[in-house]
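Q: Can you read through this structure? Questions will come right after.
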Amino acid sequence: MTPAPIVVVGDLMVDVVAAAAAPLAHASDTEARVRWTGGGAAANVAAWLAAGGVPVALVARAGDDVAGRGAVAELAAAGVDVRVALDAERPTGTCVVVIGADGERTMLPDRGANLALAVGDLPAELFVDGGHLHLSGYVLLHDGPRPAGLAALERARAAGMTISVDPASAAPLRAAGVEAVLGWIAGADVLLPNRDEATVLTGEADPERAARALVAVASVREVVVTLRAEGALWTDGARVVRAAPVDVDVVDTTGAGDAFAAGWLAARRDGADAGEALAAACALGARAVGRVGARL
């Protein structure tokens, strides 16, 4: 029997990436290399999974415009089962990504049609026993798409699917309210925050303490925290496993967390233990930061 695909629900964006050739000159000019590329946390995870040969479906919303149709075609060509509703009223989400000379990025997102993701956009046939739902937290952090995100979680639980959640980003988590967010994601099998997100959700600055706290306060089975140059760690509340970072020249950190998540999901799907999955995730994250753009 063919395994059920990983179902990824969340944002699809088009990224306008400006890689600065020197430190940014505030209120003046800085030479840069500018390119357009596919983006959006959920779409990035789906693209990395497909690149690794993992069956994956993406549920999202885009504008019925050139950018949206192009993004859909690009993902379909990459092997993603694209379940993207095209919105006649809202434009495709766009993010301006400014990459400093040190490789760190600052993002200016306009989520566009993503904010209109609706419960009706969730294909019922994707929510099946034995499948896995990966939800991008961005869906939960805005009033517009939140009902769709909560419905996806509810349907996945009802179908007997496993669930992973990427909390998305520290600042929107604060804005949405920690208690509310913890309530929405309670009971997920895996949370995949970065260090800052884990701190926001728990108040713990130490990532290991934060990860252990999340297992308890969010009633989840596993927590995986990305630590940038320090690698990553996993815990089930009792055991802790750490992975060293992969040595790589950092070119662009955009989408590194999405690649990491895809590496983790793919490895766990293949039966890897926590240590093996962390190593695979760190390797894919390193591959992402060694190039410009959020995808291959």
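Q: What is the Cα centroid distance between region 222-296 and region 96-119, reported in whole angstrom?
A: That distance is 21 Å.
Q: Looking at region 14-99, which GluC sites (Glu not before Pro) are in a loop (DSSP not H, G, I, E or B) and have at most 16 other Cβ atoms within 10 Å? All intermediate terms of the calculation are to be shown ahead of the outcome.
A: Working: sites: GLU31, GLU74, GLU89; in loops: GLU31, GLU89.
Sparse-neighbourhood loop GluC sites (Glu not before Pro): GLU31, GLU89.
Q: Of the accessible area of the chain, with the probe set at 1.4 angstrom, what percent is carbon plus sulfur?
A: Details: 6670 of 12550 Å².
It is 53 percent, rounded to a whole number.
Q: Still on this structure, I have one more. For region 213-262, run through the trypsin sites (Lys or Arg not before Pro) and keep only the ones in DSSP coil with at most 16 other Cβ atoms within 10 Å of their Cβ. Mind showing how you got there, number by number?
A: On the way: sites: ARG221, ARG228, ARG239, ARG242; in loops: ARG221, ARG239.
Hits after loop and neighbour filter: ARG221, ARG239.
Q: How long are the semi-axes of the ellipsoid equivalent to the chain, from square roots of 5 times the Cα gyration tensor eigenvalues, in whole Å, largest first?
A: Working: eigenvalues 136, 116, 69 Å².
Taking √(5λ) for each eigenvalue gives 26, 24, 19 Å, largest first.
Q: Running a GNM on the chain with Cα contacts under 10 Å, which residue among VAL17, VAL165, VAL240 ends up with the highest mean-square fluctuation?
A: Result for the chain, Cα springs under 10 Å: VAL240 fluctuates most.
Q: In deg cm²/dmol and to the nearest 500, what is the mean residue ellipticity at 222 nm of the chain if only DSSP H runs of at least 4 residues count, each as -39500 (n - 2.57), divided by the residue total? All intermediate terms of the calculation are to be shown ahead of the outcome.
A: Details: 9 runs with 101 residues, N = 296.
Taken over the chain, the calculation gives -10500 deg cm²/dmol.
Q: I'd like to check one number: the per residue accessible area of region 2-68, probe 1.4 Å, reported in Å² as a whole number.
A: Working: 2720 Å² over 67 residues.
Accessible area per residue, region 2-68: 41 Å².
Q: Keeping all protein chains in place, calculate the accessible area per residue for region 104-256 (probe 1.4 angstrom), answer in Å². Let's see the in-between values first.
A: Details: 6540 Å² over 153 residues.
Here the residues of region 104-256 average 43 Å² of exposed surface.
The values are calculated or read from the model by the stated rules, or taken from the named source; none is laboratory data. Fair warning: this is a prediction, and the values are worked out from it, not measured in the lab. Glycine also receives a Cβ, built like all others from the backbone with ideal geometry; neighbour counts cover every protein chain displayed. With ligands, DNA and RNA removed, areas are computed over all heavy atoms of the protein, side chains included. Shrake-Rupley method; radii C 1.70, N 1.55, O 1.52, S 1.80 Å.
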